[in-house]
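Single-structure report; data block below.
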Amino acid sequence: MKTEYLTKLAAVFGLCLTTTLTAQAKVNVVATLPDYAAIAREVGGDNVDVTVLAKPTEDPHFVDARPSFVVKLRQADMLIDGGAELEIGWLPPLLQNARNPKIAAGQPGRVEASQGVRLMDVPATLTRAAGDVHAMGNPHFMVDPIIAKAVAAHIASSLAAIDPAHAAAFQTNEKQFEATINAKLQEWGAKLLPYRGQSLVAYHDSWVYFAHRFGFNINIFLEPKPGIPPSPSHLAEVIAEMKAQKIKAIIVEPYHNRKIAEKVAESTGAKVVEFAQFPGALPDTDTYVKLIDSLVNHLTSALK
Ligand SMILES: [Zn+2]
């Protein structure tokens, strides 16, 4: 009886020990936004635990920072953020409170996704006048799949530095992601080819990298400046411009005021197109590739 008990105890203890070791073996990755998280999951596979702070339906500039975020950041082995002021309105105080040296800027545990990315629309002089939230340049670069590949490579090399035992696995996963994107770029390019060169309107200036990659002009916005809500006088100008250029689509994201976009669409005969920067914000978009698939499909059906 006693022996049986001890055997059981040993079995339970052994199980606990194994679980603990397995849990420790995984790199604890925190991503500020769901696009970085999706790519970290692809690259990290079974060797990482990924936690994401913002919801896919939240505006990345204005995320509701909860106290639980500090705890998550304190326990992180790695933090992936944009590093181009996208999260400047909410991340810095969380990092200060978390006091985690592993994820300090410059450490292997800190991936600033914008490192090595050439930002578009960098102003000649830095100004945050009138509340412009893109003062350093446009921070919405992840919707360009070629930039996403570079970020995947950056994440893979940082994971390898933190967990050298799994470096080969990270590299294999990253090459797989790269191969998938390369194949998909052909498909996406072919689907969008008939509409290349068209102008589109967007609620917020989040699509300049997508436009650049796939050959669209997205230079007119319902917001007068990034982060500033639409005003009647600005919308009147947008409507006039849309009529003059015969623009057929207005891109809105989940956290935008859809009614405003619908009013502009009614006045111009354009269609409102559901777009999102983040995997999980639209149905069946739990991976980065599925998200871009969805954007391409939504756009082609609006422009048909
Ligand atoms: Zn923005």
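Throughout, read-outs are computed from the coordinates displayed, never taken from laboratory work. Because the structure is a prediction, the values reported are computed rather than measured. Don't worry about glycine lacking a Cβ; one is built from the backbone with ideal geometry, like all the others, and counts go over all protein chains shown.
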**OP:** Report the FRET efficiency, 1/(1 + (r/R0)^6), for residue 300 and residue 175, where r is their Cβ-Cβ distance and R0 is 30 Å, rounded to 0.05.
**Re:** 0.55
**OP:** Evaluate the stretch 73-164: find the radius of gyration of its Cα atoms, find its Kirkwood radius, and give the ratio Rg to Rh.
**Re:** 1.00
**OP:** Lys and Arg at +1, Asp and Glu at -1: add these up for the other residues within a Cβ distance under 11 Å of residue 269 and post the number.
**Re:** +3
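Checking a compactness column here: for the chain, what do you get for Rg(Cα) / (2.2 N^0.38 Å), N being the number of residues? Spell out each step's value before the answer.
Working: Rg = 22.2 Å, N = 304, 2.2 N^0.38 = 19.3 Å.
This ratio for the chain stands at 1.15.
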Subject >> Karplus 3J(HN,Hα) series, Hz, for the stretch 288-300 with 6.51 cos²θ - 1.76 cosθ + 1.60 (x for Gly, Pro) >> reply: 4, 5, 5, 5, 5, 3, 5, 4, 4, 5, 4, 5, 5
**OP:** Collect residues whose amide H, placed 1.01 Å from N in the peptide plane, falls under 5 Å from the amide H of residue 122; neighbours closer than 5 in sequence don't count.
**Re:** 138
Subject >> Antiparallel bridges, percent of DSSP beta bridges restricted to the chain (to nearest 5) >> reply: 5
**OP:** Kindly provide the trypsin sites (Lys or Arg not before Pro) of the stretch 74-132 that DSSP labels as loop, not H, G, I, E or B, and whose Cβ sees at most 14 other Cβ atoms within 10 Å.
**Re:** 99, 118, 128
Subject >> Helix-only mean residue ellipticity at 222 nm for the chain, each DSSP H run of n ≥ 4 adding -39500 (n - 2.57), per residue, nearest 500 >> reply: -15500 deg cm²/dmol
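To check you understand DSSP bridge types, tell me what percent of the beta bridges within the stretch 2-182 (both residues inside) are antiparallel, rounded to 5. Please report the intermediate quantities before stating the final value.
Details: 1 of 12 bridges.
If I count the DSSP bridges inside the stretch 2-182, around 10 percent turn out antiparallel.
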Original post:
Length gain on complete extension for the stretch residue 57 to residue 284, per 0.36 nm per residue less the alpha carbon to alpha carbon distance?
Top reply: 80.3 nm
Subject >> Orientation-averaged projected area, Cα convex hull of the stretch 242-299 (nm²) >> reply: 4.0
Subject >> Distance in nm between pseudo-label sites at residue 132 and residue 150 (7 Å out along the Cβ direction from Cα) >> reply: 2.2
**OP:** Using 0.36 nm per residue of separation minus the Cα-Cα distance, give me the extension gain between residue 104 and residue 74 in nm, one decimal.
**Re:** 9.7 nm
Original post:
Can you pull the Rg over Rh of the stretch 2-182, Cα-only, Kirkwood?
Top reply: 1.08
Subject >> Value in Å of the Kirkwood radius, where the stretch 185-303 supplies the Cα pairs that are averaged >> reply: 14.5
